[in-house]
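A.B. asks: Got a structure for you, written out below as structure tokens; questions coming shortly.
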Amino acid sequence: MAALLVLAGCGQHSAGDVTEARLLADKGDSGNWLTGGNGWRGMYYSGLRGIDASNAKRLGLAWQYDLNQTRGQEATPVVVDGVLYVSTNWGHVAAMDAETGKELWTYDPEVDGQWGRYACCDVVNRGVAVVNGIVYVGSTDNYMHAIDAATGKRLWKVDILDAEARAKHMPYTTSGAPQVAGDVVVIGNGGADYGVRGFVRAFDLKTGARKWTFWAVPHDPKNGPQERPYLDAALKTWDPQSDWSKGGGGTAWDGMAYDPVLKLLYVGTGNASPYNYLDRSKGKGDNLYLASIVAIDPKTGDPRWHYQTVPGEYWDYTATAKMILADLKIGGKTRQVLMQAPKDGFFYVLDRATGELISAKPYTYQNWAKGIDIKTGRPIFNPDANYMKSPKLVYPSMIGGHNWYPMSYSPDTGLVYIPVVDAPMIYVDIAKRPIRSIPGAFTSAGLMVEDYDPKALQSMFGDLPVMADLARTAGGPGKPASQGFIRAWDPVRGRVVWQTRARALTEGGIMSTAGGLVFSGDITGHLNIRRADTGALVRSIDTGGAIMAAPMTYTVKGQQYVAITVGMGGAGNWLFAPDTAGYKYGNEGRVLAFKLDGGPVPLPKPVPPARFEAPPKPPAFSAAEAIRGELLFTRKGCSGCHVPGRGLVPDLRRISDATHENFNKIVLEGAYASMGMGSFADIVTPGEAKAIHAYISREQLALYKQETNPTQAKSAPASQGPRQ
């Protein structure tokens, strides 16, 4: 039986007392925030109305809590009866008094840091599930943890991976929030970017016993019969000579939902592995269940219906964005729908009982498809977006028109609020180019337009077309550029009602409220409050910390609070631009709670400019070694995390003499594995490590010369490699 928890003024409750009946009864105005998206519908909407446009200017800090982490924070807290639960990097969890921020307990998942190396998009965690007195969380190293909601003590820990995947250190990582579906708790994982076979796995809520596995793609038929009958049908959508060595992809690393009335679990699956359709499946077949929304029977793990957003996917267009379950009046009828705005740029409205496509309209400019055939549900592919024969400028980029950042639906306005990225990308097949391959995408690379300089990239990519030629066939709303927006989308009419430009490329997750407001944060450190009907800015609060996760709101003793987690990281945020909070103040993770008539937010001390205290002393190297090392730096994945400048992880141009001396111990022996820098000995030879070290040394000396004698120095460009 769950332990009892007593908080001053809150009465007596069973800690974490969330049941399916309670979720069904909660209309979002109870003062709790029972799931990451506030209820089983995942709308990121609250029926609380104590904070509105007339008083939002009075919002001030109620309390803050230090997470003792410096990586990206993507979790929206859960509040149950006055207790706030939040996950942070690696799968750590903290519980605190939601009125005061006083710590009640913390939980350490004791992660093997070697697995941090496989986290393509930082060692983030997107949240917990709280049910029947238990807090569930996935950890980066692919374990599911069940924690007593009252004490923070571990109840059980189970391996999400099979024994073979664990023993071989297959590059899976877990970052998504668990999804409770009836009697099971379900989790997926990431890793398609590095070559794995996607799956979701269900465990018994009480014991952690494994119940079933849904595989997103078939296995190599040479290895025997498929695990489940539905995979036999999926196998027919792959070429008989497909390359199964990279797993196929389709990892379910984020978006899930559960309808407790229809008893259906919805799972969004990810991109292909490898990206290149010709490499993977000879350019043939739909490749089920990549980039798909799948409705699954939570008792058996069998699919009931599926909708594939991008058949034969090869642009990294995952369908893993969060889903919203709503009832909409369409064509005079009330329809039970599932809504998703995945990376491919289309807003999908599906009948969540049958999977029927109701509508699919572009919420951002896209040119990979000429539209979606409403009768067949299939995209009408645009041949001008096929980059297999020559580089192409394609909209959206691999970042997606909308990524993991939660969108919100307000039943008051009937609008969905989407954090949109309007950005194209130059896609390049690199198999026959100097770089040849990169981790994850393998022989496909994506270059953001702001990084595109054919001359500077020639050493890695060979001859590339000029931007004007690429843009001519791509179309687009103007000069190719990357910019962020919040768009208020009418899901019934399929159109934008209003939009507002974001301060940064990616606005954080969004919450809407019955107070007529939309809350979101950004990486400049501002919590932005807008009118839900027009988008007009009501208030912007400088928090001194980058905000990516969606805000949430709750009440204690009749007082309404708005809480957010702050901390920069994740895909695309390895480098801190000068206007970001991470660049200005560092990146200390915190939970901030606001209330009416609260106090000012104490801003962290500014980070001083980086400088060399003494001339660096790298080992001797040859020019040829450094040139080879530049290619290897990207080919082996170093550039995926270590960017030139202030960022999430160290700028290698500023490593110490001690790090030079211990370079091989770090890269090949995993001396810094506890900090997330695992050993790369499986893919980097000692000779390759020496060349990479030579390249880093060349860049360090060039930077030192530039800073100490800027009028004479001509630093070689420090390559970030392709964006992934």
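The values are calculated or read from the model by the stated rules, or taken from the named source; none is laboratory data. The shown structure was predicted, so the numbers you read here are calculated from the model rather than taken from an experiment. As a convention, Cβ positions derive from the backbone with ideal geometry for all residues, glycine included, and neighbour counts pool all protein chains shown. Please note that ligands, DNA and RNA were not included when accessible areas were found on the heavy atoms of the full protein model with its side chains. Shrake-Rupley method; radii C 1.70, N 1.55, O 1.52, S 1.80 Å.
A.B. asks: Can you name the residue in region 409-430 that is farther than 16 Å from Glu507 by Cβ and part of a strand (DSSP E or B) and is also most open to solvent (accessible area, probe 1.4 Å) among such residues?
C.D. replies: Of everything passing the filter in region 409-430, Asp429 is most open to solvent (accessible area, probe 1.4 Å).
A.B. asks: Further question: Of the conditions (1) open to solvent by 10 Å² or more (accessible area, probe 1.4 Å); (2) touching a helix residue (DSSP H, G or I) at 6+ places or on another chain (Cβ under 7 Å), Ile435 clears all except one; give me its number.
C.D. replies: (1)
A.B. asks: Among Pro342, Pro406, which is the only one that is in contact with a Lys or Arg (Cβ under 7 Å, 6 or more places away or on another chain), in a loop (DSSP other than H, G, I, E, B) and open to solvent by less than 30 Å² (accessible area, probe 1.4 Å)?
C.D. replies: Values: Pro342 fails: in contact with a Lys or Arg (Cβ under 7 Å, 6 or more places away or on another chain).
Residue meeting the stated conditions: Pro406.
A.B. asks: Okay, moving on. Conditions first: (1) on the phi < 0 side of the Ramachandran plot; (2) open to solvent by 10 Å² or more (accessible area, probe 1.4 Å); (3) not in a loop (DSSP other than H, G, I, E, B). Val349 passes all but one, so which condition is the exception?
C.D. replies: The single condition Val349 does not satisfy is (2).
A.B. asks: Just need a number here: residues in region 495-505 that are modelled with pLDDT under 95 and aromatic (Phe, Trp, Tyr).
C.D. replies: Residues that pass the stated criteria total 0.
A.B. asks: Additional query: Only one of Lys392, Lys370, Lys299 is crowded, with 17+ Cβ neighbours inside 10 Å, of a type in the set (Lys, Arg) and modelled with pLDDT of 95 or more. Can you tell me which?
C.D. replies: It is Lys392.
A.B. asks: Picking from Ala468, Ala456, which residue would you name as being part of a helix (DSSP H, G or I) and of a type in the set (Gly, Ala, Ser)?
C.D. replies: Going through Ala468, Ala456 in turn, the sole match is Ala468.
A.B. asks: Restrict the check to region 258-269 and report whether at least one residue is within 30 Å of Asp327 (Cα to Cα), β-branched (Val, Ile, Thr) and either open to solvent by 10 Å² or more (accessible area, probe 1.4 Å) or in contact with an Asp or Glu (Cβ under 6 Å, 6 or more places away or on another chain) (or both).
C.D. replies: Within region 258-269, one or more residues are within 30 Å of Asp327 (Cα to Cα), β-branched (Val, Ile, Thr) and either open to solvent by 10 Å² or more (accessible area, probe 1.4 Å) or in contact with an Asp or Glu (Cβ under 6 Å, 6 or more places away or on another chain) (or both).
A.B. asks: From the set of residues in region 42-54 that are over 20 Å from the mean Cα position of the chain (by Cα) and part of a loop (DSSP other than H, G, I, E, B), which is surrounded by the fewest Cβ atoms within 10 Å (Cβ to Cβ)?
C.D. replies: Ser54
A.B. asks: Looking only at region 255-270, decide whether some residue is without any contact (Cβ under 8 Å) to a residue 40 or more places away in the chain and over 21 Å from the mean Cα position of the chain (by Cα).
C.D. replies: Initial filter on region 255-270 (without any contact (Cβ under 8 Å) to a residue 40 or more places away in the chain): none.
Within region 255-270, none of the residues are without any contact (Cβ under 8 Å) to a residue 40 or more places away in the chain and over 21 Å from the mean Cα position of the chain (by Cα).
A.B. asks: For residues that are within 19 Å of the chain's Cα centre (by Cα) and not hydrophobic (A, V, I, L, M, F, W, C), scanning just region 283-312, find the one that is farthest from Arg378 (Cα to Cα).
C.D. replies: Across region 283-312, the extreme among qualifying residues is Ser292.
A.B. asks: Test each condition in (1) farther than 29 Å from Pro396 by Cβ; (2) at pLDDT below 95; (3) of a type outside the set (Gly, Ala, Ser) for Asn664 and report the one that comes out false.
C.D. replies: For Asn664, the failing item is (2).
A.B. asks: How many of the residues in region 468-494 are under 23 Å from Thr413 (Cβ atoms), in contact with a strand residue (DSSP E or B) (Cβ under 7 Å, 6 or more places away or on another chain) and either at pLDDT below 95 or open to solvent by 10 Å² or more (accessible area, probe 1.4 Å) (or both)?
C.D. replies: Here the count works out to 5.
A.B. asks: Starting from residues that are under 19 Å from Leu603 (Cβ atoms) and charged (D, E, K, R), keep the ones in region 533-557 and report whichever is surrounded by the fewest Cβ atoms within 10 Å (Cβ to Cβ).
C.D. replies: Here the answer is Asp542.
A.B. asks: (1) open to solvent by less than 20 Å² (accessible area, probe 1.4 Å); (2) farther than 19 Å from Ser139 by Cβ: which one isn't true of Tyr230, the others all being true?
C.D. replies: (1)
A.B. asks: Within region 243-321, which strands (runs of 3 or more DSSP E) (wholly inside it) include 2 or more residues that are closer than 30 Å to Leu393 by Cβ?
C.D. replies: By residue number, 292-296, 303-308.
A.B. asks: Mind listing whichever residues of region 436-447 are in a loop (DSSP other than H, G, I, E, B) and touching a strand residue (DSSP E or B) at 6+ places or on another chain (Cβ under 7 Å)?
C.D. replies: Thr443, the sole residue that qualifies.
A.B. asks: Of the conditions (1) open to solvent by less than 20 Å² (accessible area, probe 1.4 Å); (2) at pLDDT 95 or above, Gly28 fails just one. Which one is it?
C.D. replies: (2)
A.B. asks: Here is a list: Thr318, Thr309. Which entry is of a type in the set (Ser, Thr, Tyr), more than 18 Å from Phe214 (Cα to Cα) and touching a Pro at 6+ places or on another chain (Cβ under 7 Å)?
C.D. replies: Thr309
A.B. asks: Taking helices (runs of 4 or more DSSP H) that fall entirely within region 558-663, which contain at least 3 residues that are surrounded by 14 or more Cβ atoms within 10 Å (Cβ to Cβ) and among the charged types (D, E, K, R)? Steps first, answer last, please.
C.D. replies: Numbers: elements: 581-585, 623-635, 657-661.
The helices (runs of 4 or more DSSP H) meeting that bar are 623-635.
A.B. asks: Among the listed residues Thr88, Thr100, which satisfies the condition of being touching a strand residue (DSSP E or B) at 6+ places or on another chain (Cβ under 9 Å), surrounded by fewer than 24 Cβ atoms within 10 Å (Cβ to Cβ) and modelled with pLDDT of 95 or more? Explain how you work it out, then say what you get.
C.D. replies: Numbers: Thr88 fails: surrounded by fewer than 24 Cβ atoms within 10 Å (Cβ to Cβ).
Just a single option satisfies the conditions, and that option is Thr100.
A.B. asks: Asp81 passes all but one of (1) open to solvent by less than 20 Å² (accessible area, probe 1.4 Å); (2) over 27 Å from Ser679 (Cβ atoms); (3) of a type in the set (Asp, Glu); which number fails?
C.D. replies: For Asp81, the failing item is (1).
A.B. asks: Related question: Tell me which residues, restricted to region 503-530, are under 22 Å from the mean Cα position of the chain (by Cα) and open to solvent by 10 Å² or more (accessible area, probe 1.4 Å).
C.D. replies: Scanning region 503-530 gives Arg503, Ala504, Leu505, Thr506, Ile523, Thr524, His526.
A.B. asks: Let me ask something else about it. Any residue at all in region 114-132 that is surrounded by fewer than 22 Cβ atoms within 10 Å (Cβ to Cβ), more than 16 Å from the chain's Cα centre (by Cα) and at pLDDT 95 or above?
C.D. replies: Yes, region 114-132 contains at least one residue that is surrounded by fewer than 22 Cβ atoms within 10 Å (Cβ to Cβ), more than 16 Å from the chain's Cα centre (by Cα) and at pLDDT 95 or above.
A.B. asks: So for region 672-683 (the condition being in contact with a helix residue (DSSP H, G or I) (Cβ under 7 Å, 6 or more places away or on another chain) and at pLDDT below 85), does at least one residue qualify?
C.D. replies: Restricting attention to region 672-683, the residues satisfying the condition of being in contact with a helix residue (DSSP H, G or I) (Cβ under 7 Å, 6 or more places away or on another chain) are 672-680.
Next, only the ones that are at pLDDT below 85 stay: none.
No, because not a single residue in region 672-683 is in contact with a helix residue (DSSP H, G or I) (Cβ under 7 Å, 6 or more places away or on another chain) and at pLDDT below 85.
A.B. asks: Of the residues that sit in region 684-724 and are modelled with pLDDT under 90 and small (Gly, Ala, Ser), which one is nearest to Cys641 (Cα to Cα)?
C.D. replies: The qualifying residue nearest to Cys641 (Cα to Cα) is Gly721.
A.B. asks: Can you list residue pairs whose Cβ atoms sit under 7 Å apart, with the first residue in region 634-653 being β-branched (Val, Ile, Thr) and the second being outside any loop (DSSP other than H, G, I, E, B) and at pLDDT 90 or above? Count only pairs 6 or more apart in sequence or on different chains.
C.D. replies: As it stands, the answer is Thr634/Met460; Val643/Leu575, since those pairs meet every condition given.
A.B. asks: Could you grab me the full set of residues in region 355-372 that are without any contact (Cβ under 8 Å) to a residue 40 or more places away in the chain, within 28 Å of Asp429 (Cα to Cα) and not basic (Lys, Arg)?
C.D. replies: Of everything in region 355-372, those that are without any contact (Cβ under 8 Å) to a residue 40 or more places away in the chain, within 28 Å of Asp429 (Cα to Cα) and not basic (Lys, Arg) turn out to be Pro362, Gln366, Ala369, Gly371, Ile372.
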